[in-house]
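Shown next, in structure tokens, is the structure this report addresses.
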Amino acid sequence: MLQRTRLALESERKSAPPDQPALDFAAGTEPSPWKILGGGFLVAILMSTQFLFQEFVWRNWPWDEVMLGWLDFARDQIVVAVTIALALIAARRLPIQSPRAGSVLLAAAILLGASIGELLLLAVDAPGSNAQAATALGRILRWSVVAGSLALISYLWRSAVERESAAQALELRRVEIEGQALAGRLNALRSQIEPHFLFNTLATVRRLQHVEAAQGAQLLAHFVDYLRAAPPSMAGEATTLGQEIDLVRAYLGVISVRMMGLLQVQWDVAPALRDQPFPPLTLATLVENAVKHGIGPSLEGGTITISVRRVADRVQAIVADTGVGFSGSGGTGIGLANIRTRLQTLYGGAAALTLVANQPTGVRASIFLPLRPLTR
């Protein structure tokens, strides 16, 4: 979802022309001159029909005279509508960007076009007539009210669009920064996991080759499985629960041999959930913490239990150990912080990580995820 949002916002930003006309009627659209003229003509015809809905007209004149009167009235409306449309076509060529200036230009274009149309009608019908001039002036004043109202609506609409665009740009920037921070944390986590684990494993393989060849071969087999399962997770790619389980299983196979029987592992993973999308290195980090901070410091070793099940419309993954329990960090290490950040980024408030004391000893870490495809 985040990647798709980022691509959509980037596409809008890159496709926007540097100087958009001030009188675009919808975001990303620019009506052609013919559409503006046709729309003006249609509006004029519709406005002229008010002449036909006046009862006194039909009471005082025969229908043929009514129709002739309507045609004269429609002609006047069409002339004014066409001059307004021409003024709008000319005004939209000006590269004005601010909502206020665009709204003022819209009002000016409507008022100028209406004034030109009314003056043309006055010049043709009754040149020099004071009564007709007063009537035309009254109509121009009404057009000024219409122009002001449309300008106010346009200003409010364009301001709302600009605020929404600014909010989208801010969200895009936030997502980019969050993605960069998350990538940095994941790199830090990889740098923690890889070096000491790889070098210690290779050193153990070399030692076991001389003292316990069978165990050395077993350790090497688990290590090869780990190397095969690790690349997608280490690259930060989207993985499934099955891939994460395979990685953890290989990792624990290596650790079990290295700990010489002090580590026991129990599995309870629902097979139907193996194809469920799962954040990479999430379960692996919890297991590594259980080994490093729970079982490792314990002289008697212990057991790690990994269970994943469906609970209503959520997936619950649990890593429980019987180690020494909480240390001074209380579950606030960088690995756990990375998990919480990644869950928040991918799922928002629909996912959670909790840590509680395990009974009789150890720590129980639980992850709750929505049962749905993982979006990046």
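The values are calculated or read from the model by the stated rules, or taken from the named source; none is laboratory data. Here the structure is a predicted model, which means the values were calculated and not measured. Here the Cβ positions follow ideal geometry from the backbone for every residue, glycine too, while neighbour counts run over all protein chains shown.
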Any residue at all in the stretch 281-288 that is β-branched (V, I, T), more than 22 Å from T345 (Cβ to Cβ) and touching a residue at least 12 places away in the same chain (Cβ under 8 Å)? no
From the options P271, P297, residue that is surrounded by fewer than 16 Cβ atoms within 10 Å (Cβ to Cβ) and in contact (Cβ under 8 Å) with a residue 12 or more places away in the chain: P297
One residue from V308, V265 being within 15 Å of R364 (Cβ to Cβ) and not aromatic (F, W, Y): V308
Given the structure, is F326 more than 21 Å from I245 (Cα to Cα), among the aromatic types (F, W, Y) and in contact (Cβ under 8 Å) with a residue 12 or more places away in the chain? yes
Among (1) modelled with pLDDT under 60; (2) closer than 29 Å to I339 by Cβ, I177 falls short only on (1)
Look through the stretch 31-80, keep the residues that are farther than 17 Å from R139 by Cβ and among the basic types (K, R), and return whichever of them is modelled with the lowest pLDDT. R59
Looking only at residues in the stretch 285-327 that are hydrophobic (A, V, I, L, M, F, W, C) and either in contact with a Pro (Cβ under 7 Å, 6 or more places away or on another chain) or assigned to a loop (DSSP other than H, G, I, E, B) (or both), which one is modelled with the lowest pLDDT? F326
Among the residues of the stretch 216-225, is any at pLDDT 65 or above, in the same structural domain as E288 (by TED's automatic domain parsing) and polar (S, T, N, Q)? yes
